[in-house]
Amino acid sequence: MNKLLFFSKKSTSNLYRYYSRAPINESSIKSSFDPRVVEELKYKYWQDNGLFKPKSNNGGEKFSMVLPPPNVTGSLHIGHSLTTTIQDSLIRYNRMMGKEVLWVPGLDHSGIATQVAVEKQLQVKQGKTRFDLGREKFLEQVFQWTDQYSSNINNQLKITGSSLDWSRSVFTLDEQRNDAVQTAFIRMFEMGLIYRSTRLVNWCPYLQSVISDIEVDHKVIEKPTMLKLKSRKKSVEVGAIHNIAYLMEDPMLAPLIVSTTRPETIFGDTGLAIHPLDERYSQYHGKFAIHPFNNERVPIVLDDILVNREMGTGVVKVTPAHDFNDYQCGQRHNLPIINILNSNGTLNENSSAQFEGVDRLDARSMVVEKLKEMGLYREKLAHPQTLSICSRSGDLLEPILKPQWYVKCKDMADKSIEFVESGEIKIIPESFRADWSRWLTNIQDWCISRQLWWGNPIPAYRVIIINKETGEDLDIGLTETERLKQEKWVVGKNEKEARESVSRMFGINGQSEYRLEKDQDVLDTWFSSGLFPISSMGWPSQTKSNPDFSRFLPLDVMETGSDILFFWVARMVMMCSTLNNGEIPFKTILLHPMIRDSQGRKMSKSLGNVIDPLHVINGISLQDLKDNVLQSNLSDQEKSTAIKGLDKEFPQGIPQCGTDSLRFSLAQYPINGKDINLDISKIIGNRLFCNKLWNASKFVFNYLTNLNNSSIKMYYHQKEGENEEQSPPFNYLESTTLIDKWILLKLSKLVEIVNESYQSNNLSIAAQSLYSFFQYDFCDVYIECIKADLSKPILSNQNQHSSLVLVSVLDCYLRMLHPFMPFITEDLWQRLPKSKQQLDIANSHSDSLSIMISEYPNPSYKYHQLFKSQEIEIEKQVTLFQDTLKLIRSQKVSLGIHDKTKLTIKLHIASGDNQIVISSSFNQLKDSFEKLLNAQLIIITNEDTLQDSTIIDSNSKFTISSELQVSIEFDREINNQLNQKPINPNQSNDKKILKLEATIKQLQDEIDNPDFKQRVPEKVQKSKIDKLNQYKIELKEIYKK
């Protein structure tokens, strides 16, 4: 079914050649457009025939990208679809431009997110924690999870048409990528860029790990509130501040009142701070307070940085181990640092026997009650505050002092700024250049260690010196602070390498003198992701067996969401350039905005507004959407909220739209704007566009019977300078009409706009232009005009080759549209005749015949400028023709002329320079004119001047321009009879009114849409507004009757 036989002139012994083509359902063209039928088996054909792999072009231009690796935590959402749509469009375009193209797929192990997801599943299904299973068994569960969901994600990518080279697929925890991570850590450690330090970090007690800034959600609380956290059953009070009295060592001094939102941290207080210029507390300088629980002396320190005299009581409790600002104050005044929390968030031995082992949030109310008993509690007040919550676990974060691994970022950041300022790396949209510079200028060192089980192991070993006499560790008996100051670390991929490092760094050779303790932590996921451009190309291996590294680096474009410009993109530039001899990892950073729901809200499963691309492609009922929520890991409260959100957002479910309409809709949103408010109705609208493309193509196919595959030549196939002896694709001087020339001129403009848009990475302009051309130029004007010409039994000399123009325009348009809508364009293109150039391309791809490896139309083609010199005249003539049609139709409505009333229309053309041109224009379009208006056209050219009047007599004569007047003649008696005839209920005035009102509303909504002026060309805007006004006039006339 999918083999085509063509005559071959390659040799006399091989007269025929078979070509394998993308599969199509031959009979489906007889039916209406069905995306399931159209999309069936095409992706498999492309992949099986190796069309996604780089095709060598003998050292010619290349184009390379990597897919930002999705987190292997579930399924892809609509934001991923935006990413893959933009990237796949760029990939398909550059592949069709003849470049050697590589697009590498990959998956990110997503340390915290994946571990949390598996832990939740473990708790729900088995009622166990990871600690119940142990590290090894738990990791087995995680790998099973990733196997399942990686398959789901890759399947989604295939369904959405992503033309990735699957033979090069990578995973950030596969053997080669893990080796790259280990190598990077070791080299950066040896370069002095990675070091170990004890600092305050964002700690999640539920995960018992440090988390990165991107995983912190900030929640504003305005008043006292009982907050329910996902990480615990009991609610905790927030949004309140507590005033507590500290008694002074000197009984003559009044107690100092401090305010705190976290009374439970009082056990870590090692100082009270006042402003040095606050006269209220001048007598407290150099004094001591008494700690209410341990009776230790607490110094009063003077600090004009921490203390705001105008806020609260002007006295601040200082807890250096559990507050970032307090830590800096403690450093300035050399205050003790006392950690009061265990890793799981319970209070430790530094609290008191009564509170030890109690969760810090449960201890909050207990501490308040105890202070009341002691007579030290004063009052509780409402206090707005911003909470830091772990986005993965939902737990309240705690600042805790922990030893961690850090990356020195300053020098790498300065170099990254230089790359952008020099133009070596380009950022699109350019507005992000200032953000890039500002963020990197103020960058802090990066904490890269995580206390997880799932992730890239840290290749570091602690060197523990052994006491020769006792055989015990020398650090036994040291406090934690003392031990941290003395500890020694080495790096290595294994213990053998680590021991070599011990010998090299510390001069210790005897293995009996020390022992090694492997670091049990893993690396931040962003560390492995930061290496992705080079690790996906095989780094650190740079041998002949790995040609990708030298051929495809630097990448041409790194496309991703603007929200991870710093968390990911900046780190890629810093790490990859540092590890790859100062070479940039990519030339262009292309950023897209976040997708929100139609109300502008962030998409969230708990809100019920997350859109799964497969639901859009295949359609889904409201009930099935709700069932998915009920089967999820959300809490009961979240499920309830999500289901209410679904009722509001998708009351009718989501209709089947197909992959192409989803991709085309996403591509039409400008990437340089604000966040995208995605409306399903837009995607449904492009589903209708697919239907229009399908039906218009069916019209074209009616005129293919006389076209011979072996001899046809397409308009945009022969490049300048190629085969100069070949004849043109058709006789464009004598055998094409004015409207043929007009559509070819419009097509040439479209080719320029779309290619310029791709070159500037402004894909929304390309998508919008393709939509407008087909909808308003090809269908509304050209096809409507050409129908009359092509329906005649015998074609005139002027439109002898109009069918060739029709086919050529569709062929060219489908190839230009293909990067955005791969499935429907492949299906329709396979039904068109193939030129010799297309067969030659198939020969070079193992006889595979597919639109995705056809040539992309561009301005380098021989006949691109064919009608450029006539552009002004052609535009002027066709515009006059369109304006005349529009005014006559408007006049028909005003005069109550029935659609079936035969008209005689006389065009009165004034004598002058343009008389011949205007007369020729209407003569060429005479058949179309008469069919569109149900009229006989009479052209009168013997008038010296035109009467200056809009409507002169009963024959309805009105002026179009200073050179053209129109008169409408019709049999009024017959027209009255037609208007008075019993009307079919479906054509009654009521029906017309309803139809007009619906059309007016649809147009009005489209024009009122904020995106209208951005995405719709100015000319089309005017056309739509004119249509709206015309429909309003028609409705008004019907009401009058």
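The values are calculated or read from the model by the stated rules, or taken from the named source; none is laboratory data. Model, not experiment: these values are computed from the prediction. For neighbour counting, all protein chains shown are included, and Cβ atoms are generated from backbone atoms with ideal geometry for every residue, glycine included. Accessible surface is based on the protein model in full, side chains and every heavy atom, while ligands, DNA and RNA are left aside. Shrake-Rupley method; radii C 1.70, N 1.55, O 1.52, S 1.80 Å.
What to note about this one:
- Applying the criterion of being in a loop (DSSP other than H, G, I, E, B) and among the basic types (Lys, Arg) to the residues of the stretch 385-412, the residue that is farthest from ILE241 (Cα to Cα) is LYS408.
- Output for the stretch 863-919, where each listed residue is of a type in the set (S, T, N, Q), modelled with pLDDT of 85 or more and not in a helix (DSSP H, G or I): THR901, THR904
- The stretch 22-66, subset of a type in the set (Val, Ile, Thr) and at pLDDT below 90, residue surrounded by the most Cβ atoms within 10 Å (Cβ to Cβ): ILE24
- Contact map, the stretch 662-684: residues that are of a type in the set (S, T, N, Q) paired with residues that are part of a loop (DSSP other than H, G, I, E, B), Cβ distance under 8 Å, separation 6+ or inter-chain. Pairs shown: ASN672/PRO429; ASN672/SER431; ASN672/ASN762; ASN677/ASP597; ASN677/SER598; ASN677/GLN599; ASN677/GLY600.
- Set ALA498, ALA570: member being open to solvent by less than 30 Å² (accessible area, probe 1.4 Å), farther than 30 Å from PHE432 by Cβ, outside any loop (DSSP other than H, G, I, E, B) and in contact (Cβ under 8 Å) with a residue 12 or more places away in the chain: ALA498
- Condition met for SER150 (more than 30 Å from SER501 (Cβ to Cβ), touching a residue at least 24 places away in the same chain (Cβ under 8 Å), open to solvent by less than 40 Å² (accessible area, probe 1.4 Å) and outside any strand (DSSP E or B)): yes
- Looking at ILE91, ILE78, just one residue is open to solvent by less than 10 Å² (accessible area, probe 1.4 Å) and modelled with pLDDT under 90, and that residue is ILE78.
- Qualifying positions in the stretch 369-384 - buried (at least 17 other Cβ atoms within 10 Å of the Cβ) and not in a loop (DSSP other than H, G, I, E, B): LYS370, LEU371, TYR377, ARG378
- Residue within the stretch 448-458 that is within 30 Å of ILE428 (Cα to Cα) and at pLDDT 85 or above present: yes
- Flag for ARG392 being in contact with a helix residue (DSSP H, G or I) (Cβ under 6 Å, 6 or more places away or on another chain), open to solvent by 60 Å² or more (accessible area, probe 1.4 Å) and closer than 30 Å to SER635 by Cβ: yes
- Residue that is modelled with the lowest pLDDT [pool: residues in the stretch 10-21 that are charged (D, E, K, R) and surrounded by 15 or more Cβ atoms within 10 Å (Cβ to Cβ)]: ARG17
- Pairs with Cβ under 6 Å, 6+ apart, first in the stretch 475-493 and touching a residue at least 40 places away in the same chain (Cβ under 8 Å), second assigned to a helix (DSSP H, G or I): VAL491/ILE186; VAL491/PHE189; GLY492/ALA498; GLY492/SER501; LYS493/GLN182
- Note on the stretch 655-675: residues that are open to solvent by less than 10 Å² (accessible area, probe 1.4 Å) and outside any helix (DSSP H, G or I) total 3.
- Pick from the stretch 468-493, criterion part of a loop (DSSP other than H, G, I, E, B) and surrounded by 12 or more Cβ atoms within 10 Å (Cβ to Cβ), ranking: farthest from the chain's Cα centre (by Cα): LEU474
- Among (1) modelled with pLDDT of 80 or more; (2) within 21 Å of ASP740 (Cβ to Cβ); (3) touching a Phe, Trp or Tyr at 6+ places or on another chain (Cβ under 7 Å) - the single one LEU849 does not satisfy: (2)
- Only one of the numbered conditions (1) outside any loop (DSSP other than H, G, I, E, B); (2) of a type outside the set (Asp, Glu); (3) farther than 30 Å from ASP521 by Cβ is violated by ASN308, and that is (1).
- Applying a threshold of 7 Å to beta carbon distances and a minimum spacing of six or more residues, or different chains, the list of pairs starting in the stretch 774-790 at a residue that is under 13 Å from THR736 (Cα atoms) and ending at one that is open to solvent by 10 Å² or more (accessible area, probe 1.4 Å) reads ASP789/ASP927; LEU790/TYR703; LEU790/SER803.
- Residue tally, condition closer than 15 Å to THR260 by Cβ, open to solvent by less than 70 Å² (accessible area, probe 1.4 Å) and without any contact (Cβ under 8 Å) to a residue 60 or more places away in the chain, over the stretch 299-314: 3
- The residue that is nearest to GLN520 (Cα to Cα), counting only those in the stretch 194-224 that are among the β-branched types (Val, Ile, Thr) and crowded, with 17+ Cβ neighbours inside 10 Å, is VAL210.
- Scan of the stretch 605-642 for residues that are surrounded by fewer than 18 Cβ atoms within 10 Å (Cβ to Cβ) and among the acidic types (Asp, Glu), ordered by number: ASP624, ASP627, ASP636
- Filter result (under 27 Å from SER391 (Cα atoms), touching a residue at least 24 places away in the same chain (Cβ under 8 Å) and surrounded by fewer than 21 Cβ atoms within 10 Å (Cβ to Cβ)) within the stretch 230-254: LYS230, SER231, ARG232, LYS234, VAL236, GLU237, GLY239, ALA240, ILE241
- VAL101 touching a residue at least 40 places away in the same chain (Cβ under 8 Å), open to solvent by less than 40 Å² (accessible area, probe 1.4 Å) and more than 29 Å from LEU590 (Cβ to Cβ): no
- The residues of the stretch 579-604 that are surrounded by 19 or more Cβ atoms within 10 Å (Cβ to Cβ) and not in a strand (DSSP E or B), listed by number, are LEU579, ASN580, ILE584, PRO585, PRO593, ASP597.
- For the stretch 65-140, the helices (runs of 4 or more DSSP H) that sit wholly inside it and include 2 or more residues that are among the polar types (S, T, N, Q) are 78-96, 111-126.
- Taking the criterion of being open to solvent by less than 20 Å² (accessible area, probe 1.4 Å) and more than 25 Å from the chain's Cα centre (by Cα), the residues of the stretch 116-138 that qualify are VAL118, LEU122, ARG130, PHE138.
- Restricting the first member to the stretch 255-284 and to residues that are without any contact (Cβ under 8 Å) to a residue 40 or more places away in the chain and part of a helix (DSSP H, G or I), and the second to residues that are open to solvent by 10 Å² or more (accessible area, probe 1.4 Å) and of a type in the set (A, V, I, L, M, F, W, C), the beta-carbon pairs closer than 6 Å and six or more apart or on different chains are TYR284/ILE300.
- Qualifying positions in the stretch 158-183 - of a type outside the set (S, T, N, Q) and not in a helix (DSSP H, G or I): GLY161, LEU164, ASP165, VAL170, PHE171, LEU173, ASP174
- Taking the stretch 257-298 as the range and being hydrophobic (A, V, I, L, M, F, W, C) and exposed (fewer than 14 other Cβ atoms within 10 Å of the Cβ) as the test, only LEU277 passes.
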